[in-house]
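The structure appears below as structure tokens.
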Amino acid sequence: MAIRRIMIYGKDDVLRKKSRPVEKIDKRILELLDDMAETMRHADGVGLAAPQVGILRRVVVIDVGEGLIELINPEIIEASGQQQGAEGCLSIPGMRGEVIRPEKVKVKALNRKGEPIEITGTGLLARALCHEIDHLDGILFIDKVIPGTLVEG
């Protein structure tokens with residue numbers, strides 16, 4: 001495992017590009033998952049998407065304190081409710097802003113073994129799932145921030 005360099009908004013164009021689906025889960029994808037988890041923990045984040053480490057693949061890791069979640073080709077299949085809360089991003093250091101997200105989401109994806117899984121998240125987990133999946137489409141939290149709420153901090 002290795003700590004990878006986190007791409008920074010304004011310096012790295014990769015953050016605005018759409019990621020490609022993973023066709024085959026091979027050694028490189030497994031290494032990417034491991035490195036992303038280590039990088040996320042090292043940076044004190046709760047989630048990290050592959051574009052944030054310069055890889056345009058649909059791969060996400062999340063840990064909101066309930067254990068590591070690894071998702072390959074994640075897709076939101078259900079969303080309900082609404083929550084508003086502060087978000088930040090490892091790729092936009094020092095900035096926070098209020099974002100409205102679903103209160104509950106259901107996501108389908110593959111695990112590291114290539115098996116289909118579904119995960120339902122509420123609250124912070126729902127927010128993290130939406131935030132990281134947005135990264136896979138080149139969308140950043142600052143695109144969804146409520147006007148006037150983006151601040152340093």
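At 10 °C and a viscosity of 1.306 mPa s, what translational diffusion coefficient does Stokes-Einstein give for segment 36-117, taking Rh as the Kirkwood radius over Cα pairs? Give it in µm²/s as a whole number.
The diffusion coefficient I find is 114 µm²/s.
Can you tell which of Phe141, Gly65, Pro102 lies farthest toward the positive end of the dipole of the chain, using +1 and -1 charges on the Cβ of basic and acidic side chains (Lys, Arg; Asp, Glu)?
Phe141
Dipole magnitude of the chain about its Cα centre, charges +1 at Lys/Arg Cβ and -1 at Asp/Glu Cβ only, in debye to the nearest 20? Write out the running numbers ahead of the final one.
Details: 22 positive and 24 negative charges, 81 e Å.
The dipole magnitude comes to about 380 debye.
I'd like to check one number: the per residue accessible area of the chain, probe 1.4 Å, reported in Å² as a whole number.
Working: 7890 Å² over 153 residues.
Result: 52 Å² of accessible area for each residue.
Given a 1.4 Å probe and every protein chain left where it sits, what share in percent of the accessible area of the chain is carbon and sulfur?
On the way: 3910 of 7890 Å².
The nonpolar share, carbon plus sulfur, comes to 50 percent.
Between Thr149 and Ile8, what is the FRET efficiency for a Förster distance of 35 Å, r being their Cβ-Cβ separation, to the nearest 0.05?
Values: r = 21 Å, r/R0 = 0.61.
With R0 = 35 Å, the Cβ-Cβ based efficiency is 0.95.
In segment 1-58, if every C-alpha pair distance is counted and binned at 5 Å from zero, what percent goes to each bin?
So the P(r) values, bin by bin, are 4, 20, 29, 24, 18, 4, 0.
Kindly work out what percent of the DSSP beta bridges joining two residues of segment 6-77 are antiparallel, to the nearest 5. Walk me through the numbers before you get to the answer.
On the way: 7 of 8 bridges.
For segment 6-77, the DSSP antiparallel bridge percentage is about 90.
What number results when the radius of gyration of the chain, computed over Cα atoms, is divided by 2.2 N^0.38 Å? Let's see the in-between values first.
Numbers: Rg = 14.4 Å, N = 153, 2.2 N^0.38 = 14.9 Å.
The chain yields a ratio of 0.97.
The values are calculated or read from the model by the stated rules, or taken from the named source; none is laboratory data. Here the structure is a predicted model, which is why all the values come from computation and not from measurement. Positions of Cβ are backbone-derived with ideal geometry, glycine not excepted, and every protein chain shown enters the neighbour counts. What goes into the accessible areas is simple: the full protein's heavy atoms, side chains included, and nothing from ligands, DNA or RNA. Shrake-Rupley method; radii C 1.70, N 1.55, O 1.52, S 1.80 Å.
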